[in-house]
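The next block holds one structure in the form of structure tokens; read it before the comments.
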Amino acid sequence: MNNLAQVLKSEGREADAEPLIKRSLAIREKALGRDHPDVARSLNNLADLYQRQGRYADAEPVFKRALAIREQAVGPNHPDTVASVNNLASLYQAEGDSADALPLVERMIASGSAQLLGGQQRLGFLTALPFQLLVTEKPAAAIPETFAGYRDAAWLLKRQAVSVLPSVSSLKSLQAFARKEQGASSR
């Protein structure tokens, strides 16, 4: 039932997927208990559905419950727990709430679990964060003229061997931030 719901969700048929996900969740809670890791999987699927629908206020408590179950059941550094941290950070970023996303990103980086998750790079959402949030100190030039100028920025991720490059939108965000800073300091 859960797998069918995931197929429907991937086809954009969220309205058809939601009752199946909720039913799967209810069955797992009844059969396994409210704090079982498989319940967290169903919660995660439901929260992902809500996020896809733009129902962020509905998604957040569900993602948080899935994370709490996983932290308790398998520990903070288990790949499933890291996936839940990643999911919550991605939700906050989708909402435009970088202030709440960043501590979760820092948590993954600090634990060293951000690098590989299930054998795959899972830091793609970092490239959507405003670039200035990923920099620990100002670049030498407020608005670097070349790509090499951005390469010299002191990344929050510098101590990790991660192959994540900023997206064009992140670089534009940094440039806009730097221009705003220049405008404020010239007044």
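Read-outs: derived from the displayed coordinates by stated rules, not from any lab. Remember, it's a predicted structure, so these values are computed and weren't measured experimentally. Note that each Cβ is placed from the backbone with ideal geometry, even for glycine, and that neighbours are counted across all protein chains shown.
Numbers for the structure displayed
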| read-out | value |
| --- | --- |
| Cβ crowding within 10 Å averaged over residues, with 98-105, 26-33 ranked highest first | 98-105, 26-33 |
| Whole-number Å³ per residue for the convex hull built on Cα positions in the range 1-122 | 101 |
| The range 1-122, relative contact order [Cα under 8 Å, separation at least 6], % | 16 |
| Ranked list, fewest to most other Cβ atoms within 10 Å of each Cβ, for D16, D80 | D16, D80 |
| I109, I21 arranged by Cβ crowding within 10 Å, fewest neighbours leading | I109, I21 |
| Amide N proximity, the range 53-75 versus A94 label position 7 Å along Cα-to-Cβ, cut-off under 17 Å | 53-67 |
| Potential lengthening between R107 and E29 on full extension [0.36 nm per residue; Cα-Cα distance subtracted] | 25.2 nm |
| Local net charge near Y50, Cβ-Cβ under 10 Å (Lys/Arg +1, Asp/Glu -1) | -3 |
